[in-house]
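Undergrad: Submitted below is the structure of interest, expressed as structure tokens.
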Amino acid sequence: MQRKQTTTVHVGDVAVGGDNPVRVQSMCNTDTRDAAATLAQIGRLAEAGCEIVRLAVPDDKAAETLPVIRAASPVPLIADIHFDHRLALAALDAGMDGLRINPGNIGGEAKVDAVVRAAAERGVPIRIGVNGGSLEKDLLHRFGGPTPEAMVESGLRHVALLEARGFHDIKISLKTSSVLNTVAAYRLMAQRVDYPLHIGVTEAGTLVRGAVKSAVGLGILLSEGIGDTLRVSLTHDPVAEIGVAYEILRSLGLRERGPEIVSCPTCGRTEIDLITLAEKVEEALRGVEEVFTVAVMGCVVNGPGEAREADIGIAGGRGLGIIFRKGEVVRKVKGDDNLLPEFMKEIEAFLAERRN
Ligand code: SF4
């Protein structure tokens, strides 16, 4: 897979674009004014592998909380600001690592000057975030709606305001809730600029729907080499977005983090409660960063063979489980209730062996 060559920007100590890995981002859904709750969520996101976290900064109170949050955050933070350039300046003063702001919407040249100057002084990048739901009226009129062309045009207008001031520390996103329009917009933008692109399908929906839409949209773009950083948007706990993001990246061979859990779909041969077992194994392995493959299979007849490539696996039989490594049986465990704890012991032993 040939990645499109883009420039590199630094969000705190995380480099985005160029040859750097596709970065995983999310956004807190806590009230930014509540520093404790926001920091707790940032911590959970970081633990799950989130590399950059965005915070909404809707008002002065939120901006006043930023220094405390910034000081304690383990990952770089981006301030998401709409319209109010004072909030952008306050976010920069608070040490925020990135701004998400559309310079064309902040009320005129002087205000753009002030924000760009402050960002440039601190080496803080600006992400231009075009959203299909809030396009400029003249573009909607000219293009007959929030078309991919209209979105690109809008993005380029904001880019021009920054470039005119010699500012090139830019990332761009072009989000809509339509997978096809999102893909088309990013393809067009990738032909027009070399700035890193932050990709995502916005308002994608609840867990399953959102994960599928994101996987399709982001998967198409990433497979074409487009995308330097991404967010999976879910109407859910944002921590779930991180798992989905890494699965998308893993399935394209772009990045790996944590175990890959393969499990069979179950069939008439399944003799144990495999769905629950697979879910519990996944739960127990949450937060593990090591890359390995775990198989959870329904039957001893086909399970180990079907999961031959797995580093470690379990296959269910009547009242027992067979633990295997690379398709070879290593142990039998009796009693349904023992399957999970004994399997987890074997996984821990496998990981301990690998670490030595
Ligand atoms: Fe059915 Fe066994 Fe295959 Fe699972 S591993 S789908 S139980 S044949």
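The values are calculated or read from the model by the stated rules, or taken from the named source; none is laboratory data. Being a predicted model, the structure only gives us computed values, none of them experimental. Note that each Cβ is placed from the backbone with ideal geometry, even for glycine, and that neighbours are counted across all protein chains shown. Only protein heavy atoms, including side chains, enter the accessible area calculation; ligands, DNA and RNA are left aside. Shrake-Rupley method; radii C 1.70, N 1.55, O 1.52, S 1.80 Å.
Undergrad: Restricting to segment 233-258, name every residue that is farther than 17 Å from LEU207 by Cβ, open to solvent by 30 Å² or more (accessible area, probe 1.4 Å) and in contact with a helix residue (DSSP H, G or I) (Cβ under 8 Å, 6 or more places away or on another chain). It would help to see each step written out before you state the result.
TA: Just the residues of segment 233-258 that are farther than 17 Å from LEU207 by Cβ, to begin with: 249-258.
Still in the running and open to solvent by 30 Å² or more (accessible area, probe 1.4 Å): 251-257.
Within segment 233-258, SER251, LEU252, LEU254, ARG255, GLU256, ARG257 qualify.
Undergrad: Something else about it: Restricting to segment 322-344, name every residue that is hydrophobic (A, V, I, L, M, F, W, C), modelled with pLDDT under 95 and more than 17 Å from GLU271 (Cα to Cα).
TA: PHE324, VAL329, VAL330
Undergrad: Answer yes if at least one residue in segment 135-151 is open to solvent by 30 Å² or more (accessible area, probe 1.4 Å), touching a Phe, Trp or Tyr at 6+ places or on another chain (Cβ under 7 Å), among the hydrophobic types (A, V, I, L, M, F, W, C) and more than 16 Å from VAL201 (Cα to Cα), and no otherwise. Talk me through it step by step, then tell me what you get.
TA: We begin by selecting, within segment 135-151, every residue open to solvent by 30 Å² or more (accessible area, probe 1.4 Å); these are 136-138, 140-144, 146-147, 149.
Remaining after also requiring touching a Phe, Trp or Tyr at 6+ places or on another chain (Cβ under 7 Å): 149.
With among the hydrophobic types (A, V, I, L, M, F, W, C) added as a condition, the list becomes none.
Within segment 135-151, not a single residue is open to solvent by 30 Å² or more (accessible area, probe 1.4 Å), touching a Phe, Trp or Tyr at 6+ places or on another chain (Cβ under 7 Å), among the hydrophobic types (A, V, I, L, M, F, W, C) and more than 16 Å from VAL201 (Cα to Cα).
Undergrad: Take the residues in segment 337-348 that are more than 15 Å from the ligand (Cβ to nearest atom) and farther than 16 Å from PRO259 by Cβ, then tell me which one is most open to solvent (accessible area, probe 1.4 Å).
TA: Within segment 337-348, the first condition is being more than 15 Å from the ligand (Cβ to nearest atom), and the residues that meet it are 337-338, 340-348.
Add one more test, that the residue is farther than 16 Å from PRO259 by Cβ, and what stays is 337-338, 341-342.
Working: ASP337: 135, ASN338: 71, PRO341: 62, GLU342: 39 Å².
That would be ASP337.
Undergrad: Picking from LEU188, LEU140, LEU174, LEU135, which residue would you name as being over 29 Å from ASP13 (Cα atoms) and either among the small types (Gly, Ala, Ser) or touching a residue at least 24 places away in the same chain (Cβ under 8 Å) (or both)? Please lay out each step first, then the result.
TA: Values: LEU140 fails: either among the small types (Gly, Ala, Ser) or touching a residue at least 24 places away in the same chain (Cβ under 8 Å) (or both); LEU174 fails: over 29 Å from ASP13 (Cα atoms); LEU135 fails: either among the small types (Gly, Ala, Ser) or touching a residue at least 24 places away in the same chain (Cβ under 8 Å) (or both).
Selected residue: LEU188, the only one of LEU188, LEU140, LEU174, LEU135 that is over 29 Å from ASP13 (Cα atoms) and either among the small types (Gly, Ala, Ser) or touching a residue at least 24 places away in the same chain (Cβ under 8 Å) (or both).
Undergrad: Which of (1) touching a helix residue (DSSP H, G or I) at 6+ places or on another chain (Cβ under 9 Å); (2) at pLDDT 95 or above is the odd one out, the single condition ARG127 does not satisfy?
TA: (1)
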